[in-house]
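The values are calculated or read from the model by the stated rules, or taken from the named source; none is laboratory data. For clarity, every value in this text was computed on a predicted model and none was experimentally measured. Glycine also receives a Cβ, built like all others from the backbone with ideal geometry; neighbour counts cover every protein chain displayed. We work out accessible area using only protein heavy atoms, side chains counted, and drop any ligands, DNA or RNA first. Shrake-Rupley method; radii C 1.70, N 1.55, O 1.52, S 1.80 Å.
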Amino acid sequence: MNIQEFDIMNTLLQRPFVTQRLLAEDCGHSLGTVNRCLKELIRQGFLDSDMQLTEKAHRDFSQKAPKNAVILAAGPGIRMIPINTEVSKAFLEVHGERLIERTIRQLQEAGVYEIYVVVGYRKEQFEYLIDEYGVRLIVNPQYAVKNNLYSLKLAAGCLSNTYIVPCDLWCETNPFRRYEPYSWYMVSDRADANSMVRINRKGELVPAEGGRHGKNAMLGIAYLLKDDARGLQKRLSELCRLPQGQSLFWEAALFDPSGGTVYARRVSSSQAVEINTYEQLRALDPQSRQLKSDTLDRIAEALHVSTGDIAAITVLKKGMTNRSFLFSCRKTRYIMRIPGEGTDQLIDRRAEAAVCRLIKDKGICEEIVYLDPDSGCKITRFIEGAHTCDPANREETARCIRKLREFHVMALQAEPEFDLFGRLEFYESLWGGRPSAYRDYQKTKRQVLSLRPFIESRVSERVLTHIDAVPDNFLLFPNEQGDEEIRLIDWEYAGMQDPHVDLAMFCIYAMYERDAVDWLIDEYFSGACPPDTRTKIYCYIAVCGLLWSNWCEYKRCLGVEFGEYSLRQYRYAKEYYRIAREKIDTGGIDCHV
């Protein structure tokens, strides 16, 4: 049976046959197609001569009737910033109704009451749905590091005549039906540059060939019959085992290489709207309660504007400590920084504010428009045409290192201090008594701490040090005269310390190997680094590696993972302890040329 025949049968199930012309209008196929399909359906025994569904047809519909639904709602929805800092996007209100409640209500209207909701971010907000709607929650503890492919894998055992539904889709009319004759995936009639699917002449959804973009936006909602669900279960397991599996959307498992069929269900772009951003919500419902954000109120107050002047909100790459977004206000673009999870334990925001006041007019930092010393929220003017330092580009990196030395030579004095060894212990204390994830942590810690006497005996001065002088915090951009300028941004960890710590920090964030480390040291010292100082910097790499490893372990306790970065920091602690120890035990003499 083809898709046209399925559609005609489904239409006849909803209303009795009157004329072929009316049937064609109802099902959306041509009169010729309807005529041909009716004859074929009679021949196959699904229709009688009066165009009534036979017992065979009713059995077929009954076998394919929806059994349950899985709603994917685990992700943090980072593109919904700043709303996602206050509520999960599943609870966005559109025309007075929460998205997830609307979806559940529409499912239940279609007779689907067995509903599973995969949750993760702000999972506690979903608990009331159990009592209100009888749903079942499935918790994805890895929502921060894995995409919704993994979420659906957790619900794979439930898949059988199942609707798969994203939590951020608003459907004007109910997309669910009591009978579904075939498996389908919903696409919009609107083109989307991110879509990798197309609809073939048979109405099937297939991957676009040759890596070309598809012609229809993928909406994330689907219906899978039992047999197709089995194939999906297998492919979910296979893809989750791949290294790239954590970044995949569940649609990567949709297409069966062995030839399974998923038909396209095409709807108008106004009938089904995916809400991924603040701007999309504002376009759909300008009166939505979620548009009244504390963050936007703060911006409006700081810039002396109304919230209506704030537009073009775009999420920026999530930082390791904070979340940030770009926005426009009266023809000027700004960046708003929102402190991340657990930041109040990590950063002294009043100390940061004091440092920013000190360096404001020194030509070394970004233009700070607003900084709240209590919350840590910060607004800076966006630097047009800027890019971050590429640590693989040695010419560019050398210019940044010269800028760093220029800052150090200023020998600025500030109130806050950054105690490396004290912070190392402090970050460990934030684990709440949990043991380290590394089996040899105590041994590694003892070894790193044994470097302290050598370090402290060779610190010649303490000045204001950036501490987080990593490649991503150097911005390079052309000024109005066309000359290159460099700014060092994000001063939240800054404090009094040996300035050579900044070299170690740059190296471990750039994940430099030994030869690159030595090259960077030579650039900073113009090829004249004393052997003991070089060894001291090796010690700093070991200490800072363990410091940030401990920091990553604290963030992991909060559900935030940093993948390879955290592992590499621990490796720096161990490897550069050995390198530094060898130098110290031989009198600190370095053989580097």
**OP:** From the P(r) of the range 517-560, can you give the percent of Cα pairs sitting at distances over 12 Å?
**Re:** 66 percent
**OP:** Quote to one decimal, in nm, the extra length available between R405 and Q108 on full extension: 0.36 nm per residue of separation minus the C-alpha distance between them.
**Re:** 100.4 nm
Subject >> Residues of the chain: accessible area per residue with a 1.4 Å probe, Å² >> reply: 45 Å²
**OP:** Mind grabbing the base-10 log of I(q)/I(0) for the range 119-222 at q = 0.10 Å⁻¹? Debye formula, identical points on the C-alpha positions, no solvent, two decimal places.
**Re:** -0.38
Subject >> nm² value of the averaged projected area, convex hull over the Cα atoms of the range 196-305 >> reply: 10.9 nm²
Subject >> Positive-end residue, the chain charge dipole about Cα centroid, Cβ charges, pick of H466, L107, S269 >> reply: L107
Subject >> Nonlocal amide H pairs with Y263, under 5 Å, H built at 1.01 Å >> reply: S183, W184, Y185, L205
**OP:** Give the Rg/Rh ratio for the range 247-310, taking Rg as the radius of gyration of the Cα atoms and Rh as the Kirkwood radius, to two decimals.
**Re:** 1.24
**OP:** Take every Cα-Cα pair in the range 38-79 and report what % of them are more than 14 Å apart.
**Re:** 62 percent
**OP:** Pick out, from L12, L31, I81, the residue whose Cα sits farthest towards the positive end of the charge dipole of the range 1-87, with +1 on the Cβ of Lys and Arg and -1 on the Cβ of Asp and Glu.
**Re:** I81
Original post:
So what are the three principal axis dimensions of the range 174-255 from its Cα atoms, in whole Å, longest to shortest?
Top reply: 35, 31, 23
**OP:** Can you tell me the equivalent ellipsoid semi-axes for the range 469-509? Use √(5λ) from the Cα gyration tensor, largest first, whole Å.
**Re:** 24, 11, 9
**OP:** Calculate the length of the line joining the C-alpha centroid of the range 471-500 to that of the range 373-417, in whole Å.
**Re:** 2 Å
Subject >> K67 accessible area, assembled protein chains, probe 1.4 Å, Å² >> reply: 110 Å²
**OP:** Take the eigenvalues of the Cα gyration tensor for the range 1-41, scale each by 5, and report the square roots as semi-axes in whole Å, largest first.
**Re:** 13, 11, 9
**OP:** With N set to the residue count of the range 69-150, report its C-alpha Rg divided by 2.2 N^0.38 Å to two decimal places.
**Re:** 1.06
Original post:
Suppose every K and R has +1 on its Cβ and every D and E has -1 on its Cβ; what is the size of the dipole of the range 103-239 about the Cα centre, in Debye to the nearest 20?
Top reply: 500 debye
Original post:
What is the ratio of the Cα radius of gyration of the range 365-414 to 2.2 N^0.38 Å, where N is its residue count, to two decimals?
Top reply: 1.49
Original post:
Along the charge dipole of the chain, which of C544, H95, L232 sits closest to the positive end, that is, farthest toward it, with unit charges on the beta carbon of Lys, Arg, Asp and Glu (+1, +1, -1, -1)?
Top reply: L232
Subject >> Highest average packing first - 8-16, 161-169, Cβ atoms within 10 Å >> reply: 161-169, 8-16
Original post:
Using a simple charge model, +1 on the beta-carbon of Lys and Arg, -1 on the beta-carbon of Asp and Glu, nothing else, what dipole does the chain show about its Cα centre, in debye to the nearest 20?
Top reply: 1500 debye
Subject >> Ratio Rg/Rh, restricted to the range 15-94 and using Cα atoms, in which Rh is the Kirkwood radius >> reply: 1.31
**OP:** Above 18 angstrom, tally the Cα pairs of the range 384-486 and express them as a % of all pairs, no decimals.
**Re:** 66 percent
Subject >> Cα-based convex hull volume of the chain per residue, rounded to whole Å³ >> reply: 188 Å³
Original post:
Can you put H304, H387 in order of accessible area, largest first, using a 1.4 Å probe?
Top reply: H304, H387
Subject >> Rounded to 10°, Cα long-axis angle of helix 99-109 versus longest principal axis of the chain >> reply: 20 degrees
Subject >> Solvent-accessible surface ranking, highest first, for S450, S436, S195 at 1.4 angstrom >> reply: S450, S436, S195
**OP:** Over the alpha-carbon set of the range 310-432, divide Rg by the Kirkwood Rh and report the Rg/Rh ratio to two decimals.
**Re:** 0.98
Original post:
Roughly how many Å² of D532 are accessible to a 1.4 Å probe, to the nearest 10?
Top reply: 50 Å²
Subject >> Cα radius of gyration and Dmax for the range 507-583 (Å) >> reply: 13.6, 44
Original post:
Rounded to the nearest 20 Debye, what is the dipole magnitude of the range 447-515 about its Cα centre when Lys and Arg each give +1 and Asp and Glu each give -1 at the C-beta?
Top reply: 500 debye
**OP:** Evaluate 2.2 N^0.38 Å with N set to the residue count of the range 547-586, then give the Cα radius of gyration divided by it.
**Re:** 1.45
Original post:
Using helices alone, what [θ] at 222 nm do you get for the chain, with -39,500 (n - 2.57) per DSSP H run of 4 or more residues, divided over all residues and rounded to the nearest 500?
Top reply: -11500 deg cm²/dmol
